[in-house]
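Heads up, the thing below is written out as structure tokens.
The values are calculated or read from the model by the stated rules, or taken from the named source; none is laboratory data. Just so we're clear, the structure is a prediction, and the values are computed from it rather than from any experiment. Every residue, glycine as well, gets a Cβ built from its backbone with ideal geometry; the counts of neighbours run over all protein chains shown. Accessible surface is based on the protein model in full, side chains and every heavy atom, while ligands, DNA and RNA are left aside. Shrake-Rupley method; radii C 1.70, N 1.55, O 1.52, S 1.80 Å.
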Amino acid sequence: MRTTQVLTGLVARRFFGTSSRIMASGKTLNVSNINPNVIKMEYAVRGPIVIRAVELEKELANGAQKPFPNVIKANIGDAHAMGQKPITFIRQLLACIANPSLMETDKSLPADVIEHANAFLGSCGGKSAGAYSQSTGVEIVRKHVAEYISRRDGGVPSNSEDICLSGGASESIRNVLKLFINRNNAKKVGVMIPIPQYPLYSATIEEFGLGQVGYYLSESSNWSLDEAELERSFNDHSKEYDIRVLCIINPGNPTGQVLSRDNIETVIKFAQKKKLFILADEVYQDNVYAQGSEFHSFKKVLVEMGEPYSKLELASFHSVSKGYMGECGMRGGYVEFLNLDPEVYVLFKKMISAKLCSTVLGQAVIDAVVNPPKEGEPSYSQWKKERDAVLASLKERATLVEKAYSSIDGISCNPVQGAMYAFPQITIPAKAVEKAQSRNQQPDFFYAMELLESTGICIVPGSGFGQKDGTYHFRTTILPQPELFKDMLARFTDFHAKFLAEYK
């Protein structure tokens, strides 16, 4: 499975040129002596295709003539960039926290917004969001996160001391994976990740010098997990790596599946049998659309299964970037630990203290998410209306996207049960595969680049996420608003028909 080799070469050539030319420049830091893991790592969601999309936007802005009027960025789950409006309660709270004088001068602000803002500021140094927080985060926010988790999980206890706030879930995920770097081991520590996977994992594993242990999701059964496949992956890699981590993304990115409780129990039993530390990426927990699908947190299932499963080590993650909020740029997230060795936790907190703290305004958004307006409070009605409208619209678009792509010749798409993406499989003609190989490109990368240059639509090739050999996919978001999606689909359908005709 080659998911990053071609992209690595493209990026290296684009930004660095040749090593000899860099060395000739006399720079102290150059490609020949930089951390080699930085060269190897790739993050396809913002890779060469996206870089080209940005260039095309600039060319259009400068008056260049293209066969399309604008670039449609369907590559990333950035809701606000795709036209989603911010939730009023969140932005009012942020405004008051950033500029407390508004609470005295703006008489239109609801009383509960002012109450929330004052409670948050009261937990900040000097009652200001400009002060550092504790490295683990503002105390009242961690308390509210614990209460939120307990409500979500039907009363399963949560302790605020086990929760650390961070700049989005990504920072916490990277911080936890960093704990497994150990140069003294004879073998690299192996991290089991789903294939397809979110490239944060493959990129971070490469950057940190860990070992990627991919297990395939079952596309034929809507990207579910199979115990036999977990066993195969573990056994195939156990000689090379000291496998100690199992990562799960639920709801799935890029695949959009929602794991059943039975599937989660299977994973937990496997982790217990192999003595694995579980990383549960649950940032899409509010994004469940399909009838019969339901989000179950790994923590809740693990605890309810009882011993020995309830003693497993678990780190679970959430973020303000997804859900109904879509506050990607605010960079708010958290990790909750369960059964972590107390001495390890002390060292984890020491490690994150070197970065002082995550952005305090991002922590304020987390607070708004886990402690939203309650029924009977002034902001509740509008907050509920806005939240429900966003989730209903996403549900509608999830169905629309799946049906639209499945109706196109040569493309099949599983139902989008949750999250914000579809991961259609595409049939690429043999002549197009040969053309791609002649350019030293993956066929789906070639397809995606041709699509971008012809239509302005930016998607991410499946090879950036990983896929079974001989299959080709692409990830597209369900975030474009209805009118933009109709435009995107028309462009896509026309391009695809011409592509098949050219290479048949």
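Residue-by-condition table, conditions (1) open to solvent by less than 20 Å² (accessible area, probe 1.4 Å); (2) in contact with a strand residue (DSSP E or B) (Cβ under 6 Å, 6 or more places away or on another chain):
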position: Thr204; (1), (2): yes, no
position: Asn222; (1), (2): no, no
position: Ala228; (1), (2): no, no
position: Glu240; (1), (2): no, no
position: Leu246; (1), (2): yes, yes
position: Asn250; (1), (2): yes, no
position: Pro254; (1), (2): yes, yes
position: Asp262; (1), (2): no, no
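Please determine whether any residue of the range 181-198 is at pLDDT below 95, assigned to a helix (DSSP H, G or I) and either closer than 30 Å to Ser123 by Cβ or charged (D, E, K, R) (or both). For the range 181-198, residues at pLDDT below 95, assigned to a helix (DSSP H, G or I) and either closer than 30 Å to Ser123 by Cβ or charged (D, E, K, R) (or both): absent. Does Glu343 qualify as being over 23 Å from the mean Cα position of the chain (by Cα) and not in a helix (DSSP H, G or I)? Spelling it out, it is not the case that Glu343 is over 23 Å from the mean Cα position of the chain (by Cα) and not in a helix (DSSP H, G or I).
Are any residues in the range 147-174 open to solvent by less than 40 Å² (accessible area, probe 1.4 Å) and either without any contact (Cβ under 8 Å) to a residue 60 or more places away in the chain or assigned to a loop (DSSP other than H, G, I, E, B) (or both), and if so, which ones? Answer for the range 147-174, where residues must be open to solvent by less than 40 Å² (accessible area, probe 1.4 Å) and either without any contact (Cβ under 8 Å) to a residue 60 or more places away in the chain or assigned to a loop (DSSP other than H, G, I, E, B) (or both): Ser150, Asp153, Val156, Ser158, Ser160, Gly167. Is the range 476-487 home to any residue that is buried (at least 21 other Cβ atoms within 10 Å of the Cβ) and either closer than 19 Å to Lys435 by Cβ or free of Cβ contacts under 8 Å to residues at least 24 places away in the same chain (or both)? No, that holds for no residue.
The condition of being touching a Lys or Arg at 6+ places or on another chain (Cβ under 8 Å), of a type in the set (A, V, I, L, M) and over 30 Å from Glu219 (Cα atoms) holds for only one of Leu361, Leu338, Leu347, that being Leu338. The set of residues in the range 140-196 being in contact with a Pro (Cβ under 7 Å, 6 or more places away or on another chain) and among the small types (Gly, Ala, Ser) consists of Ser150 alone. Of all residues in the range 289-302, those satisfying the criterion of being open to solvent by 40 Å² or more (accessible area, probe 1.4 Å) and at pLDDT below 95 are Gln291, Gly292, Glu294. When restricted to residues that are closer than 27 Å to Gln382 by Cβ, out of contact with any Phe, Trp or Tyr (no Cβ under 9 Å at 6 or more places or on another chain) and open to solvent by 20 Å² or more (accessible area, probe 1.4 Å), the range 128-146 contains 2. Among the residues of the range 269-288, those that are surrounded by fewer than 22 Cβ atoms within 10 Å (Cβ to Cβ) and either touching a Cys at 6+ places or on another chain (Cβ under 9 Å) or not in a loop (DSSP other than H, G, I, E, B) (or both) comprise Lys269, Phe270, Gln272, Lys273, Lys274, Phe277, Val288. Here the range 181-194 is the region considered, the condition is being open to solvent by less than 10 Å² (accessible area, probe 1.4 Å) and over 14 Å from the mean Cα position of the chain (by Cα), and the residue that is farthest from Arg475 (Cα to Cα) is Val189. Checking the stated criteria, Gln257 turns out to be in a loop (DSSP other than H, G, I, E, B) and either touching a Gly at 6+ places or on another chain (Cβ under 9 Å) or in contact (Cβ under 8 Å) with a residue 24 or more places away in the chain (or both).
Lys431 falls short of the stated requirement of being free of Cβ contacts under 8 Å to residues at least 40 places away in the same chain and farther than 30 Å from Ile163 by Cβ. Selection over the range 419-444 of residues that are out of contact with any helix residue (DSSP H, G or I) (no Cβ under 6 Å at 6 or more places or on another chain) and crowded, with 21+ Cβ neighbours inside 10 Å gives a count of 5.
Residues of the range 313-329 that are open to solvent by less than 10 Å² (accessible area, probe 1.4 Å) and of a type in the set (A, V, I, L, M, F, W, C): Leu314, Ala315, Phe317, Val320, Met325.
Residue-by-condition table, conditions (1) assigned to a helix (DSSP H, G or I); (2) at pLDDT 90 or above; (3) open to solvent by 60 Å² or more (accessible area, probe 1.4 Å):
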{"residue": "Gly362", "(1), (2), (3)": "yes, yes, no"}
{"residue": "Ile366", "(1), (2), (3)": "yes, yes, no"}
{"residue": "Glu375", "(1), (2), (3)": "no, yes, yes"}
{"residue": "Lys384", "(1), (2), (3)": "yes, yes, yes"}
{"residue": "Glu396", "(1), (2), (3)": "yes, no, yes"}
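Give the residue, chosen from Leu259, Leu276, that is in the same structural domain as Val320 (by the TED database) and modelled with pLDDT of 95 or more. Being in the same structural domain as Val320 (by the TED database) and modelled with pLDDT of 95 or more holds for just one of Leu259, Leu276, which is Leu276.
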